[in-house]
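Working notes for the structure below.
The values are calculated or read from the model by the stated rules, or taken from the named source; none is laboratory data. Remember, it's a predicted structure, so these values are computed and weren't measured experimentally. Positions of Cβ are generated from backbone atoms using ideal geometry, with glycine treated the same way; all protein chains shown enter the neighbour counts. These accessible areas exclude ligands, DNA and RNA; they are computed on the full protein's heavy atoms, side chains included. Shrake-Rupley method; radii C 1.70, N 1.55, O 1.52, S 1.80 Å.
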Amino acid sequence: MSSSLPGHRELPASQHDLKTYVGRVKHSIGITDPSTLFAGSTGLERAKQLVTEYKTGKIERMSPDLWRAKKIVDSTLHPDTGEPVFLPFRMSCFVFSNLIVTAGMLQPGLSTTGVVAWQVINQSLNVAINTANSNKSSPMTTETLIKSYLIAVSASCSVALGLNAMVPRLKVSVSTRNILSRLVPFAAVASAGALNTYLMRRGEILSGIDVRPVLSEAEKSQLQAENKSERDIPSLGKSQTAAKIAVYETAASRVFNSSPTMVLPALALYHIQQKQAWYQNLLQKPWVKARPVVSKSIPIGINLGLIAITAFAALPLALAAFPQQEEISAESLEPEFHGKGGAGGKVWFNRGL
């Protein structure tokens, strides 16, 4: 993130108002822009150079090129470490990384082995993404990471297998049962995704995360005059309350993200397969009937397309649900932080993504 680069001048946080949900959605669209993945190491270094030149005063004003550079930096570098997040685990690659996994879990009629395998793959990916984008002021030990991973995998498999066994026994119509069976992956992913986020980041809750005072405009100007940035302000300490807010909000955003992606495509595909004449006509084409691989690939292809469209639309909406750099009243934290807030009596912390 640009705040991790050297220089005393902070770039504007965004071209949009991050205090409003709509503004955060527009900002999140930039963070999740897949085009930033093609910048490469050369493009990243150029972007870092432009951002640094602004922060050190060599560039006076924001320009389209500088905004583009900031977008590349913000979508690539971790705000705490300043190091690039491994490409498959960046939010700009989130949809691509999850696309095949999601499609696999949504396949109807999966065997027990298939359900377990896809849940293990999904939770492994969730662990990697949650760990790569978490607040780094309280890193998790390898032992805790492994234990949390095993619990998350066990939970997701238990939910998926339990619901798969329960749905066929429900006394409902066949069509309702078919719809419910397609929603089983959603229930497993939503519940396990939230649990996964909590487990992967519970170390933050146990040890707390850094909070810093919110600065007034005058204090920011004073820092710039001293060639310093807000990151140079010492932490007030580690707050467990702030950590709980960060982790719980991130877990909620994961549910917000998975809900439309796991529900809408499944229902849309079911509607197409059952109600749309063009779909049935397509499957009855002689050249399709003569090629079983093609007939099996058609619903998979439609499903992947629906998932991709939904996922690209849902991700910015979910990420924007809560601010990444969150400001709260110091009085709402532990007693040791009371009276230590900055402007408006507030402190801020990095929520993570």
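Miscellaneous remarks
- Under the combined filter of DSSP loop state and at most 13 neighbouring Cβ atoms within 10 Å, the range 1-93 retains these chymotrypsin sites (Phe, Trp or Tyr not before Pro): PHE86.
- Rolling a 1.4 Å probe across the protein heavy atoms gives the chain an accessible surface of 48 Å² per residue.
- What you get for the range 1-84, charging only the Cβ of Lys and Arg (+1) and of Asp and Glu (-1), is a dipole of about 220 debye around the Cα centre.
- Summed over all non-identical Cα pairs, the Kirkwood treatment of the chain gives a radius of 22.3 Å.
- Altogether, the Stokes-Einstein calculation at 10 °C and 1.306 mPa s, with the Kirkwood radius of the range 32-72 over Cα pairs as Rh, returns a diffusion coefficient of 153 µm²/s.
- Average Cα contact separation per residue, the chain, under 8 Å, 6 or more apart, as relative contact order %: 20 percent
- Expressed in Å, the radius of gyration and Dmax of the Cα atoms of the range 87-207 are 15.8, 52.
- Carbon and sulfur %, accessible surface of the chain computed with the full protein complex present, 1.4 Å: 61 percent
- Vicinal HN-Hα couplings computed from phi for the range 313-329 (Karplus, 6.51 cos²θ - 1.76 cosθ + 1.60; Hz; Gly/Pro x): 6, 7, 4, x, 5, 6, 4, 7, 4, 9, x, 6, 9, 9, 10, 9, 5
- Rounded to the nearest 20 debye, the dipole magnitude of the chain is 1560 debye, with +1 charges on Lys and Arg beta carbons, -1 on Asp and Glu beta carbons, and the Cα centre as origin.
- Lys/Arg +1, Asp/Glu -1 at C-beta; the range 1-84 dipole; positive extreme among PRO64, LEU5, GLY82: PRO64
- Surface listing: GLU326, GLU60, GLU219 arranged by accessible area from highest to lowest gives GLU60, GLU219, GLU326, probe 1.4 Å.
- Environment charge at SER239 (Cβ cut-off 14 Å; Lys +1, Arg +1, Asp -1, Glu -1): -1
- Mean ellipticity per residue at 222 nm, deg cm²/dmol - from DSSP H runs of n ≥ 4 across the chain, formula -39500 (n - 2.57): -20500 deg cm²/dmol
- The Cβ shell under 13 Å around VAL51 holds other residues with a net charge of +3, Lys and Arg each +1, Asp and Glu each -1.
- Residues whose amide H comes within less than 5 Å of that of LEU236, counting only those at least five positions distant or on another chain, are VAL211, ARG212 (H built at 1.01 Å from N in the peptide plane).
- Think of the range 227-299 as having a plus end and a minus end, set by charges on the Cβ of Lys, Arg, Asp and Glu; of ASN281, THR241, SER258, ASN281 sits farthest toward the positive end of this dipole.
- Protection proxy ranking for 312-323, 281-292, using the average of other Cβ atoms within 10 Å per residue and placing the highest first: 312-323, 281-292.
- Histogrammed with a bin width of 5 Å, the alpha carbon distances of the range 1-84 distribute as 3, 16, 26, 27, 19, 8, 1 percent, first bin at zero.
- Charge sum, other residues only, whose C-beta stays under 11 Å from PRO84's C-beta, Lys/Arg counted +1 and Asp/Glu -1: 0
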